[in-house]
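Read through the structure below, which is laid out as structure tokens, and then see the notes.
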There are 2 protein chains.
Amino acid sequence: PLRGQHDERSLVFADLTREEYLQIQQFMLKEKKLQISTRQTTEPSQNFLFLIDLSLPKKAAALAYLDRNGTKPVREATVVVFYGSSSTIVEYVVGPLPNPTYMRDVTKERYQMHLPIRKRLVTIGEYSLMFKFFEEKVFSRLKKLLEESFGVGRGQSLNAFEQMPRGVQSGDRKTWVSFFRDMSGMYIHPVGFEVLLNHESANASQWSVEQLLYNGKYFSSVEELKREYDNGGVKKIVYKNFPDYGSLKPRTKPLQVGPQQFYAEGKRFSVQDNQVLYLDWSFAFGMSSLTGMRVFDVRFQQERIAYEISVQEAMSVYGSVTPGMILTKFLDSSIGIGRFAHELVRGVDCPYEATYVDTYRYIDVPVPVRFRNSICIFEHNMGQPLRRHFSDFFHNSFGGMANSALVFRTITAIGNYDYMWDFIFYQSGSLEAKVHATGYISSSYLVDGSLRYGHQVAENVLGNIHTHFINFKVDLDVSGVKNVFQTKDMEYVNVSLPWMPNRYAMVPQLVEKQLQTEQEAALRHDTKTPRYLHIASKKTNRWGHQHSYRLQVYSFAGDHLPESQAEERAMSWARYKVAITKHKDLEQTSSSLYNQNDIWSPAVDFSKFIEDNESIEDEDLVAWVTAGFLHIPHAEDIPNTVTVGNGGGVLLRPHNYFDEDPSVNSADAVYFDPG
Amino acid sequence: PLRGQHDERSLVFADLTREEYLQIQQFMLKEKKLQISTRQTTEPSQNFLFLIDLSLPKKAAALAYLDRNGTKPVREATVVVFYGSSSTIVEYVVGPLPNPTYMRDVTKERYQMHLPIRKRLVTIGEYSLMFKFFEEKVFSRLKKLLEESFGVGRGQSLNAFEQMPRGVQSGDRKTWVSFFRDMSGMYIHPVGFEVLLNHESANASQWSVEQLLYNGKYFSSVEELKREYDNGGVKKIVYKNFPDYGSLKPRTKPLQVGPQQFYAEGKRFSVQDNQVLYLDWSFAFGMSSLTGMRVFDVRFQQERIAYEISVQEAMSVYGSVTPGMILTKFLDSSIGIGRFAHELVRGVDCPYEATYVDTYRYIDVPVPVRFRNSICIFEHNMGQPLRRHFSDFFHNSFGGMANSALVFRTITAIGNYDYMWDFIFYQSGSLEAKVHATGYISSSYLVDGSLRYGHQVAENVLGNIHTHFINFKVDLDVSGVKNVFQTKDMEYVNVSLPWMPNRYAMVPQLVEKQLQTEQEAALRHDTKTPRYLHIASKKTNRWGHQHSYRLQVYSFAGDHLPESQAEERAMSWARYKVAITKHKDLEQTSSSLYNQNDIWSPAVDFSKFIEDNESIEDEDLVAWVTAGFLHIPHAEDIPNTVTVGNGGGVLLRPHNYFDEDPSVNSADAVYFDPG
Ligand SMILES: [Ca+2]
Ligand SMILES: [Ca+2]
Ligand SMILES: [Ca+2]
Ligand SMILES: [Ca+2]
Ligand SMILES: [Cu+2]
Ligand SMILES: [Cu+2]
């Protein structure tokens, strides 16, 4: 039996429906003078309707609607058009839904800059041209090499995997494309052939090959490589069959299924539209095509704890001696994280009995696409007590309860990697945001010097060292929006013993601080940080202590890219374990769709959020939390990285928010004594 | 269907049976001249058979037996006798079992010192005398105060909870005893009355009260307190009824049970005697009355990965302004961790369908005691994939498998706290040792100045700030006993780009080191530590990389007690996140039964293990891992601390140990493609 009732006000955070996508698409196409195309093969020189996604309501308007019976905020969409014809990108807000009447250019407002077209990602339209280019300008001229080295034409083919950023300075659109055997898990089948393609021009006929790498040697043109290859001026790679070590096909027949979980008395949670109710919890959810999974208006026992908790960015920096990966710095939200939330597999990705939800997206497509079962929601028995005590002194009794919690999950497969995103809601009022990595590592062909950058993981294959940094936005509202940022820690103090004052001892004391400005509260990875971090209210609990939620970060992050590097500002959020900012509607995300492809001049530089060093006392605060891990690939990453040990996240825990542990009220509690 | 077969050689690690305890007890009692008593009320001046526990075989002998068909090591027991008559403690090895013929005094061999009787813990015999003392010498003389202040005699009574260490220097046995309301969860019901009892003498008639604390004020005798109380010279505590906020009784009726796990096709593991088989895993297990849960001869795919993984010590240092807790430093293995492994509750402590195992112990008892269902073993579906990849570029396919793992668990309720101990065995060849804390916090009566030492958590109750430090012994044997200790990390190096040599970029490189001596490999908490720590072999995998297991420590530890403090050497293992020593049979544990009660002259000082700074290259290595967390109690610790977020441990992960992820062979793997 559910405790609460669904409330359709959650719909202010709902993703656009298929109908809404179509309404907006039609509205955009009606503006004939814009000459917008929706064809997936639209060329870079043309105008392409790239993205339609929900435009979030302003927080004040949403709160007025949710809390004070204010009017419902107008429902709007963000629309991104790549204007090849004028070499600019324009971001519009289109509304009101369901029958749009206006489009407003918000580019300048959102990014304080115009967006030149070079900041766009590579669309499917551009990829088609790139593949065509490789076919015509490279492969067709290197038939002998490709056949002898890689078996191309003898039943084998090569797939491309490209590295980012595309060059070394603003204006560059020069992509090192590495080639891989067309086998399952191609990412761990590099062949030793990489090509630097200059595709700066909107006109594909002006594209060119600037460099090639074959078996560790560089060539400045296809012709040069061909000539040297034919003349014996290069050490040849000789094709042979490779074992299918990237295959995920079971090698054993199922013998006996493992333990399964079931709801003996039915589900204890309910999903309606985009709202979930679970015991004391309720929240709204959505999936941004760019940043991914997010929840809003998270409440426990009716009280809002968080306005928004969302994935912001997944970033990786690689090391390599070969060009394909020597500069690689992936910023996934610039490709789209939520975009790659595909169907979840019952019994593997989530338990069989989970509730699965479809999502709809419009990104680099001609029509909105349905992603079946791309979110799962389930209650899970964690196989341990949430709390318990066994008493055998003075009293004999046992009290405790099992730890059953609600898991809200998507998994995004962005090329080689699969990130599993979990928000977990515990009966003790804690809430966790976690990510785990699995899928294939990125790899490169083993050449001289490779082993300084990782370990060999298969024949001629280097698993390249890299970092994983994940950014979460945590907009807690603790007993209202006016909050402060507190830290707590311990310190040994030499104190005199009260009953023998001549004797001293080092005794731990509590050290509490309240940080005052954004820059003070930007906690760098490489500094000693107080152990307890709290978003707190001036409101106090029954014992006079300030209501707070503590942020406990789980992270094994590697080193962040030095700030000396031009690329660093596009990922400046990763400088900090935790950074606290004053909430602004215009500081919606810590990264952007445009950060990857003009990484030297990022459309969003998180460090600017704190440059004005605003006061964070009694303000609406947002915590930006970074977790991650250093990944030194090893043989056991083949075929796939395992989730165990490869993750991070943040646990949000009530700390003097309640007067006692709220799980005392759980119906799951068990108690017995000898009576 | 099980893959392997049980092997009774695991019995060399088995705990003593009830019959064996009795055989040893009888053997000891036969030695009339020792005048040993087994009565639980044996007084401190008499000789008491305190402990019988398994004496582990020497490692070389055990390995010869397990691996090379050597003779079975003689089965022996450790026996501890408290000789009140001669003021010494003697530790014997008694054997051979089942029919003992010898007892050998091993005290000097094991501790390099004699053990004066002051190092003994307080036995039930001594507690009886203490309670009697309080009744006769304190309570009976303070009837009015106790009735008016605490309702004693009006249906209320007080319970004692004592603090350790017992004094400030070697020779002291002066215990501050704090009194608590006799309610469930007494530990969070302090009344504001504490008494310093001097019980140094083996003769209880010479015991005395040295100080008393009542409502924040000190008195040097019971008479003085009584006089001042009667004269109005003290601010009185006035008794009133207290709400039962420590109760674990459910406040709600069960409504609908949460998710349950079941074995649809039966258990995939088997427990026989003290051996567990689970898919590719096998191990032997045992429970030391002192140190707790442990496993031996841990193998994956027949190969031994660890010789021993065991709990060593659980330590806490408290802060307070009141004497009861101002000096408190608990060393649980000196009381006995395994000793308090009580019955596990089905459906709360472990899943209903777990396999439950009984243990037998002999510690401070007249006869061996059976602890029913005190270990549980179960396979758990972790509710997430162990690995997965969804492919939609070039190929469409899905491969993955659910993460089902075996959990081996005990929970020890040592007074107020319950520690949940888990060893988890994953199908990817990883093995995890974890601990979580739950149960009641320790608390003290709120007086002036208290709030520097924690937060108020109930009326007049301070939850005192404290640390949790847990030490694990991790004796990995990676491809044999000869191992080295390696570290790996990343470092940004400025390198010239091979295809444009005038351009430089900071690129992450792999930094590997092999540490050479014990002191180099003693990694302090307050220093920067390489991110990857490995126990490695000189043997290499298919790709030429050294076989290794990586230790990934999960810890939120507070500050360790400064080394300036005399008590620190008794817990010197806690200086280090990880310390590597050369294995020695005589360095079996990092702490001892005798560390708590003569903390200033510890029988085992871990730092001495590394004082000789031996070489750790190509030696049998042991890793001593410390995890923990700083605990600043808050209202939600009432009634019980929750497990979520309150734990730590170490994950042991294969790293180039295999040629690929061993879970590729799991029958749980799932794959499909469009065909
Ligand atoms: Ca700001
Ligand atoms: Ca906020
Ligand atoms: Ca040594
Ligand atoms: Ca070893
Ligand atoms: Cu990785
Ligand atoms: Cu604690």
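Could you check, for region A:411-418, whether at least one of its residues is at the interface with chain B (Cβ under 7 Å from one of its Cβ atoms), surrounded by 24 or more Cβ atoms within 10 Å (Cβ to Cβ), in contact with a Leu (Cβ under 9 Å, 6 or more places away or on another chain) and among the charged types (D, E, K, R)? Scanning region A:411-418, I find no residue that is at the interface with chain B (Cβ under 7 Å from one of its Cβ atoms), surrounded by 24 or more Cβ atoms within 10 Å (Cβ to Cβ), in contact with a Leu (Cβ under 9 Å, 6 or more places away or on another chain) and among the charged types (D, E, K, R), so the answer is no.
Contact map, region A:234-262: first residue within 14 Å of chain B (Cβ to nearest Cβ) and open to solvent by 50 Å² or more (accessible area, probe 1.4 Å), second residue of a type in the set (Phe, Trp, Tyr) and assigned to a loop (DSSP other than H, G, I, E, B), Cβ cut-off under 9 Å, separation 6 or more or different chains; pairs are A:VAL257/B:TYR263; A:PHE262/A:TYR352.
Okay, residues lined up against (1) of a type outside the set (Ser, Thr, Tyr); (2) on the phi > 0 side of the Ramachandran plot; (3) out of contact with any strand residue (DSSP E or B) (no Cβ under 8 Å at 6 or more places or on another chain):
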| position | (1), (2), (3) |
| --- | --- |
| B:LYS33 | yes, no, yes |
| B:SER37 | no, no, no |
| B:THR41 | no, no, yes |
| B:LEU49 | yes, no, no |
| B:ASP53 | yes, no, no |
| B:LYS59 | yes, no, no |
| B:LEU66 | yes, no, no |
| B:ASN69 | yes, yes, yes |
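Give the residues of region B:466-507 that are within 16 Å of ligand 5 (Cβ to nearest atom) and among the basic types (Lys, Arg), sorted by residue number. Within region B:466-507, B:LYS488 is the sole residue that qualifies. When we screen A:ASP559, A:ASP526 for residues that are within 13 Å of chain B (Cβ to nearest Cβ), at pLDDT below 95, over 29 Å from B:ARG452 (Cβ atoms) and open to solvent by 30 Å² or more (accessible area, probe 1.4 Å), the only hit is A:ASP526. The set of residues in region B:645-662 being of a type outside the set (A, V, I, L, M, F, W, C), facing chain A (nearest Cβ under 7 Å) and within 21 Å of B:PHE425 (Cβ to Cβ) consists of B:ARG653, B:PRO654, B:HIS655, B:ASN656, B:ASP659, B:GLU660, B:ASP661.
Pick out the one residue from B:GLY449, B:GLY429, B:GLY454 that is among the small types (Gly, Ala, Ser), more than 16 Å from ligand 4 (Cβ to nearest atom) and more than 8 Å from chain A (Cβ to nearest Cβ). Lay out the reasoning, then the answer.
Working: B:GLY429 fails: more than 8 Å from chain A (Cβ to nearest Cβ); B:GLY454 fails: more than 8 Å from chain A (Cβ to nearest Cβ).
One residue alone meets the criteria, B:GLY449.
Please indicate, with yes or no, whether at least one residue in region A:512-520 is within 13 Å of chain B (Cβ to nearest Cβ), surrounded by fewer than 19 Cβ atoms within 10 Å (Cβ to Cβ) and not in a strand (DSSP E or B). No: zero hits.
Scanning region B:328-338 finds one or more residues that are under 30 Å from B:ASP448 (Cα atoms) and within 11 Å of chain A (Cβ to nearest Cβ).
What do you reckon, is A:GLY480 more than 23 Å from the chain's Cα centre (by Cα) and more than 7 Å from chain B (Cβ to nearest Cβ)?
On the way: more than 23 Å from the chain's Cα centre (by Cα): yes; more than 7 Å from chain B (Cβ to nearest Cβ): yes.
Yes: the conditions hold for A:GLY480.
Of the conditions (1) of a type in the set (Asp, Glu); (2) part of a helix (DSSP H, G or I); (3) open to solvent by less than 80 Å² (accessible area, probe 1.4 Å), B:ASP15 satisfies every one except a single condition; which number is it? For B:ASP15, the exception is condition (2). Scanning region A:563-587 for residues that are closer than 29 Å to A:VAL484 by Cβ, outside any strand (DSSP E or B) and open to solvent by less than 50 Å² (accessible area, probe 1.4 Å) returns A:MET571, A:SER572, A:TRP573, A:ALA574, A:ARG575, A:HIS583, A:GLU587. Going through region A:358-390 one residue at a time, which ones are among the polar types (S, T, N, Q) and within 7 Å of chain B (Cβ to nearest Cβ)? The answer is A:ASN381, A:GLN384.
Of everything in region B:61-91 that is under 27 Å from B:MET28 (Cα atoms) and small (Gly, Ala, Ser), the residue that is surrounded by the fewest Cβ atoms within 10 Å (Cβ to Cβ) is B:SER86.
Which residues, taken from region A:562-604, are away from ligand 2 (no atom under 16 Å from the Cβ), among the aliphatic types (A, V, I, L, M) and more than 14 Å from chain B (Cβ to nearest Cβ)? Spell out how you get there, then give the answer.
Restricting attention to region A:562-604, the residues satisfying the condition of being away from ligand 2 (no atom under 16 Å from the Cβ) are A:562-577, A:591-604.
With the extra rule that they be among the aliphatic types (A, V, I, L, M), the set shrinks to A:566, A:570-571, A:574, A:593, A:599, A:603-604.
Residues satisfying the conditions are A:ALA570, A:LEU593, A:ALA603, A:VAL604.
When the criteria are applied in full, A:GLN456 fails the requirement of being open to solvent by 10 Å² or more (accessible area, probe 1.4 Å), farther than 30 Å from A:GLN384 by Cα and within 16 Å of ligand 2 (Cβ to nearest atom).
Taking the criterion of being touching a residue at least 12 places away in the same chain (Cβ under 8 Å) and among the small types (Gly, Ala, Ser), would at least one residue in region B:481-502 satisfy it? No; the residues of region B:481-502 include none that is touching a residue at least 12 places away in the same chain (Cβ under 8 Å) and among the small types (Gly, Ala, Ser). Against the conditions (1) away from ligand 6 (no atom under 16 Å from the Cβ); (2) within 30 Å of B:GLN256 (Cβ to Cβ); (3) in contact (Cβ under 8 Å) with a residue 60 or more places away in the chain, A:ALA574 satisfies every one except (2). Among the residues of region B:187-231, those identified as open to solvent by 60 Å² or more (accessible area, probe 1.4 Å) and farther than 30 Å from B:GLY463 by Cβ are B:GLU200, B:ASN203, B:SER205, B:GLN206, B:GLU223, B:LYS226, B:ARG227, B:ASP230, B:ASN231. Say whether the condition of being touching a residue at least 60 places away in the same chain (Cβ under 8 Å), among the basic types (Lys, Arg) and outside any strand (DSSP E or B) is met by at least one residue in region A:70-90. So far as region A:70-90 goes, yes, one or more of its residues are touching a residue at least 60 places away in the same chain (Cβ under 8 Å), among the basic types (Lys, Arg) and outside any strand (DSSP E or B). In region A:618-641, the condition of being free of Cβ contacts under 8 Å to residues at least 60 places away in the same chain, more than 16 Å from ligand 4 (Cβ to nearest atom) and not in a strand (DSSP E or B) is met by at least one residue. In this structure, does B:ALA603 turn out to be among the small types (Gly, Ala, Ser), more than 16 Å from ligand 3 (Cβ to nearest atom), more than 30 Å from B:PHE390 (Cα to Cα) and at pLDDT 95 or above? So B:ALA603 passes the test.
Number of residues in region B:592-617 that are over 21 Å from the mean Cα position of the chain (by Cα), open to solvent by less than 10 Å² (accessible area, probe 1.4 Å) and more than 16 Å from ligand 4 (Cβ to nearest atom) equals 0.
Can you pull out the residues in region B:529-556 that are hydroxyl-bearing (Ser, Thr, Tyr) and within 8 Å of chain A (Cβ to nearest Cβ)? I'd like the intermediate steps shown before the answer.
Taking region B:529-556 as the starting set, the residues that turn out to be hydroxyl-bearing (Ser, Thr, Tyr) are B:529, B:532, B:537, B:540, B:548-549, B:554-555.
Correct list: B:TYR532, B:TYR554.
Of the strands (runs of 3 or more DSSP E) lying entirely inside region B:297-409, those containing at least 3 residues that are buried (at least 23 other Cβ atoms within 10 Å of the Cβ) and polar (S, T, N, Q) are B:369-391. Scan region A:602-617 for residues that are of a type outside the set (Val, Ile, Thr), assigned to a loop (DSSP other than H, G, I, E, B) and within 11 Å of ligand 1 (Cβ to nearest atom) and the total you get is 4. I'd like to know if region A:111-131 contains one or more residues that are over 26 Å from A:GLN46 (Cα atoms), open to solvent by 20 Å² or more (accessible area, probe 1.4 Å) and not in a helix (DSSP H, G or I). For region A:111-131, residues over 26 Å from A:GLN46 (Cα atoms), open to solvent by 20 Å² or more (accessible area, probe 1.4 Å) and not in a helix (DSSP H, G or I): absent.
When we screen A:SER220, A:SER208 for residues that are among the small types (Gly, Ala, Ser) and within 11 Å of chain B (Cβ to nearest Cβ), the only hit is A:SER220.
The values are calculated or read from the model by the stated rules, or taken from the named source; none is laboratory data. What you are looking at is a predicted structure, and each value in this text was computed from that prediction instead of being measured. Positions of Cβ are backbone-derived with ideal geometry, glycine not excepted, and every protein chain shown enters the neighbour counts. Heavy atoms of the whole protein, side chains included, go into the accessibility calculation; ligands, DNA and RNA do not. Shrake-Rupley method; radii C 1.70, N 1.55, O 1.52, S 1.80 Å.
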